[in-house]
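Working notes, beginning with the structure itself.
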Amino acid sequence: MYAGLWRWLTVAVLDTYRFNVDSYEKLFNAGIIGEDDRVELLNGEIIVRSPTGFRHTNRVNMLNELLVVEAKGRYLVSPQNPFRLDEHSMLEPDLALVDRSVLRQTRHAEAHEILLAIEVADSSLSYDTGTKLQAYARAGIPEIWIVDLTNDQILVYREPDTVTASYQSTFAVTTGHSTSPLGFPDLLIPVDQIIS
C-alpha cells in the first residue's frame, strides 16, 4: 500500500503543469475558476488565498476611500483587480495605483502601468513579504506597501532590482507617522488611520 502511495506522490510532484497567463485566463473563461474565487497566478502556480477577515476588509476599504479622494485624475485606484505581472504571473493586490492610460486598453493592466501595489497582510504576511514581493521586484514594480496588521506598521519597498528580485530601499512606517507614495509625495497617509 505505501509503495503505491509513494509512487503516486512521486509522480504527482514530478508531473506539474506551469500555467502561463493565457492558460490561466482560459480557466476563468471556461468557468473552471470563478470571478469570486480567491486565487492568483504566481510563477506559474495557482495560489489559493485564504479568506479575508473583518479587520483586513476594513483596512482595504479605508485605504481605498483615502486614495480615491486624493486621486484627482492623477491615477486610478484598482481594488483587488488582476494585473499581468509577467508571462507566468497575474496578481491581485488588495489595492493598486494604476496609470490612467489603462482606461484606453482592452486588457488587464500590466506591470509597467502599476505605480504602487498595496497588500494588507495578517495571516498572509510571510507570503506577501516572500515569494510575492520577489515577483513584484523582478517585474520592476516601483513601490510596494505591505500593511502589516500583525505588527501595526506599513512596510515600504522601493527601488526594485530586477536581477536580484529584491528592493534596495526598505523601511517600516509605524503608528504616529505618515507615509506617501513615491510618485505622489503630497499624498500623506497616516498610519494610525489605516492600522487602528
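Out of everything in region 18-76 that is acidic (D, E) and assigned to a strand (DSSP E or B), what residue ends up being farthest from I114 (Cα to Cα)?
In this case the residue turns out to be E45.
Report, ordered by the first and then the second residue, all pairs with beta carbons closer than 8 Å, sequence separation of six or more or different chains, a first member in region 49-77 that is closer than 13 Å to V147 by Cα, and a second member that is part of a helix (DSSP H, G or I).
R59/I194; R59/I195; M62/Q193; M62/I194; L63/I194
Condition check: among the charged types (D, E, K, R) and crowded, with 21+ Cβ neighbours inside 10 Å. Does E143 satisfy that?
So E143 fits the description; yes.
Under 7 Å between Cβ atoms, which residue pairs at least 6 apart in sequence (or on different chains) link something in region 16-37 that is farther than 14 Å from L91 by Cα with a partner that is modelled with pLDDT of 85 or more and part of a loop (DSSP other than H, G, I, E, B)?
Once the first residue is farther than 14 Å from L91 by Cα and sits in region 16-37, its partners that are modelled with pLDDT of 85 or more and part of a loop (DSSP other than H, G, I, E, B) give R18/G44; R18/H88; L27/I33.
Restricting to region 133-154, give me the number of residues that are outside any loop (DSSP other than H, G, I, E, B) and either of a type in the set (F, W, Y) or without any contact (Cβ under 8 Å) to a residue 24 or more places away in the chain (or both).
The qualifying residues number 2.
Within region 155-196, how many residues turn out to be among the small types (G, A, S), in a strand (DSSP E or B) and either surrounded by 13 or more Cβ atoms within 10 Å (Cβ to Cβ) or touching a residue at least 40 places away in the same chain (Cβ under 8 Å) (or both)?
Qualifying residue count for the region: 3.
Within region 95-140, restricting attention to residues that are charged (D, E, K, R) and farther than 20 Å from R158 by Cα, which residue is surrounded by the most Cβ atoms within 10 Å (Cβ to Cβ)?
The selected residue is D122.
So is R100 out of contact with any helix residue (DSSP H, G or I) (no Cβ under 6 Å at 6 or more places or on another chain) and without any contact (Cβ under 8 Å) to a residue 40 or more places away in the chain or not?
Here the answer is yes, as R100 does meet what is asked.
Go through region 121-147 and count every residue that is at pLDDT below 95 and touching a helix residue (DSSP H, G or I) at 6+ places or on another chain (Cβ under 7 Å).
Residues in region 121-147 being at pLDDT below 95 and touching a helix residue (DSSP H, G or I) at 6+ places or on another chain (Cβ under 7 Å): 2 in total.
Those residues that are over 14 Å from M90 (Cα atoms), among the hydrophobic types (A, V, I, L, M, F, W, C) and at pLDDT 95 or above, I need them from region 101-119; list them, please.
Matches in region 101-119: L115, L116, I118.
Collect the residues in region 39-94 that are of a type in the set (D, E) and either over 19 Å from T179 (Cα atoms) or exposed (fewer than 14 other Cβ atoms within 10 Å of the Cβ) (or both), keeping them in residue-number order.
Once the filter is applied, which keeps residues that are of a type in the set (D, E) and either over 19 Å from T179 (Cα atoms) or exposed (fewer than 14 other Cβ atoms within 10 Å of the Cβ) (or both), region 39-94 yields E40, E45, E65, D86, E87, E92.
The values are calculated or read from the model by the stated rules, or taken from the named source; none is laboratory data. Values in this document were obtained by computation on a predicted structure and should not be read as measured data. Please note: Cβ atoms are built from the backbone with ideal geometry, for glycine as well, and neighbour counts cover all protein chains shown.
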